[in-house]
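Okay, structure first, notes after.
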Amino acid sequence: MTEHDLLVEADRRALAYLDGIPTRRVFPDASAITALATFDRSLPEQGHAADQVLCQLDEIGSPATVASNAARYFGFVIGATLPVAAAAERLVLAWDQCASSFDNSPVADRLEKIAGRWVCQALGLPDQSAVGFGTSATACTLACISAARRVLLARQGWDFDGDGLLGAPQIRVVLAETAHITVKKALRVLGFGMNHLHYAPVDEYGRIDPARLPELDERTLLILQAGEVNTGEFDRFAELIAIAREANAWVHVDGAFGLWARASSSAHLLEGVELADSWTTDGHKWLNTPYDSAMAICRDANALAAAMNSDAAYASASKDAQKNLTLEFSRRARGIAIWAALANLGRTGLQAMIDRHIRQAEELANTLRNAGYQVLNRVVLNQVLVRGDTDEQTIAIRQAAQASGEVWFGPTVWQGRPAFRLSLCSWRTEDADVEALGALLLRLKDELS
């Protein structure tokens with residue numbers, strides 16, 4: 001089989017998979033998972049024909065996928081992939097660019113610069129900000145926090161690049177009690193120490209309470225949230241950032257999915273977020289681009305470029321080259337799918353998609369409340385936090401819904417008790433899909449009472 005024929009066959013199989021999404025189980029059944037044992041063998045002495053490898057990957061692998069690219073997947077704030085983003089990925093894969101700098105790929109360098117500018121315009125963030133396209137909000141948080149620590153230490157006269165952390169002034173980190181695990185992971189990896197973090201008390205919605213904010217100073221990194229993972233709530237940015245500015249602290253905003261609300265009719269919920277120093281957000285959540293695509297955004301472009309610089313004698317580049325804004329040196333052009341999505345949606349299309357999901361979340365919450373469910377959040381965004389009559393019923397309903405294969409959503413714990421979280425963020429999810437989810441949950445509550 002020629003290279004061309006193999007790629008045509010791969011495309012045929014991929015299209016067949018997409019055509020089957022509406023009838024596919026959202027989570028694979030036991031037989032599909034058991035069949036994965038077929039892959040578990042020793043490295044072959046002699047390789048197999050390429051078409052046989054592809055056939056096995058599809059026939060054994062495809063049935064064991066989670067249909068997160070489907071309309072009735074409501075877990076983990078995962079969006080499906082927009083057709084234009086998927087198509088762009090196919091073309092970029094054929095290009096096979098190492099998108100580290102202009103010298104490696106002029107087209108990737110130009111498109112990712114444009115994509116970064118468009119992201120800032122869509123989110124209402126400062127035009128001069130640097131935007132690095134990384135693998136995840138975790139990796140991008142690492143980049144932003146590294147830049148923040150380096151700047152805070154420099155203000156104290158400390159040369160982080162030359163002297164490292166041994167003997168350095170201590171940088172205090174203040175974050176919400178409800179901070180996302182990926183933020184904590186980034187802080188742990190960077191050596192801040194979990195026992196030395198300062199947790200800010202939160203209100204009933206999971207937002208930092210400004211009245212109980214720990215003291216800030218010029219050696220403080222304050223981390224705020226745009227879209228708390230359970231409730232979808234936003235910290236009170238204008239008030240909190242004003243306090244941080246008085247103290248000359250650095251403010252970072254974890255906005256993996258919630259930052260995209262800036263592009264919606266609910267932008268008022270994020271008033272003041274543009275005053276922060278750095279932000280992280282994902283493309284593969286609410287923008288509906290392929291995994292993996294995320295953004296590290298820094299108001300002071302030089303701060304991010306200096307922290308992430310990886311110039312070498314044999315590979316120097318401009319300070320805004322992607323290899324100098326992200327953790328990766330060799331990297332794929334993940335920002336091109338973001339460019340394609342924004343070019344296709346435009347401001348109005350992006351707003352319409354986000355507004356639709358927020359409306360669907362509100363309508364779903366009303367349906368569940370009327371049926372006797374406890375909806376634990378105010379549903380200001382695309383998250384619906386739900387509990388049944390008892391903890392046992394809550395768990396049983398979630399397990400039964402997952403086992404049905406009709407939908408999928410995951411568990412969580414809110415204020416010490418089990419709950420489940422329904423996330424609306426797929427471009428494929430129509431009102432009929434939300435109505436089907438509501439009908440299933442109503443039926444399961446009756447059956448499991």
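The values are calculated or read from the model by the stated rules, or taken from the named source; none is laboratory data. Everything numeric here is computed off the predicted structure, so don't read it as measured data. For neighbour counting, all protein chains shown are included, and Cβ atoms are generated from backbone atoms with ideal geometry for every residue, glycine included.
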Looking at residue 141 and the list (1) within 15 Å of residue 320 (Cβ to Cβ); (2) in a helix (DSSP H, G or I); (3) touching a residue at least 60 places away in the same chain (Cβ under 8 Å), which single condition is not satisfied?
(1)
So is residue 160 touching an Asp or Glu at 6+ places or on another chain (Cβ under 9 Å) and among the aromatic types (Phe, Trp, Tyr) or not?
no
Those residues of segment 383-441 that are in a helix (DSSP H, G or I) and among the hydrophobic types (A, V, I, L, M, F, W, C) come to a total of 13
Restricting to segment 35-71, and then to whatever is polar (S, T, N, Q) and in a helix (DSSP H, G or I), can you tell me which residue is nearest to residue 21 (Cα to Cα)?
62
Subset of segment 147-163 [surrounded by 11 or more Cβ atoms within 10 Å (Cβ to Cβ) and assigned to a loop (DSSP other than H, G, I, E, B)]
156, 158, 159
Single residue of segment 289-308 satisfying the filter (assigned to a loop (DSSP other than H, G, I, E, B) and at pLDDT 95 or above) that is surrounded by the fewest Cβ atoms within 10 Å (Cβ to Cβ)
300
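Can you find a residue that is in a helix (DSSP H, G or I), touching a strand residue (DSSP E or B) at 6+ places or on another chain (Cβ under 9 Å) and loosely packed, with under 15 Cβ neighbours inside 10 Å anywhere in segment 228-245?
Scanning segment 228-245, I find at least one residue that is in a helix (DSSP H, G or I), touching a strand residue (DSSP E or B) at 6+ places or on another chain (Cβ under 9 Å) and loosely packed, with under 15 Cβ neighbours inside 10 Å, so the answer is yes.
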Among the residues of segment 121-138 satisfying the criterion of being of a type in the set (Gly, Ala, Ser) and not in a helix (DSSP H, G or I), which is surrounded by the most Cβ atoms within 10 Å (Cβ to Cβ)?
132
Every residue from segment 36-64 that is touching a residue at least 12 places away in the same chain (Cβ under 8 Å) and either assigned by TED's automatic domain parsing to the domain that holds residue 440 or over 28 Å from residue 287 (Cα atoms) (or both):
36, 38, 39, 49, 50, 51, 54, 56, 60
Residue, surrounded by the fewest Cβ atoms within 10 Å (Cβ to Cβ), within segment 46-60, restricted to residues that are closer than 20 Å to residue 31 by Cβ and touching a helix residue (DSSP H, G or I) at 6+ places or on another chain (Cβ under 8 Å)
56
Anything in segment 92-120 that is among the hydrophobic types (A, V, I, L, M, F, W, C) and in a helix (DSSP H, G or I)? List them, or say none.
92, 93, 94, 95, 107, 108, 111, 114, 115, 118, 119, 120
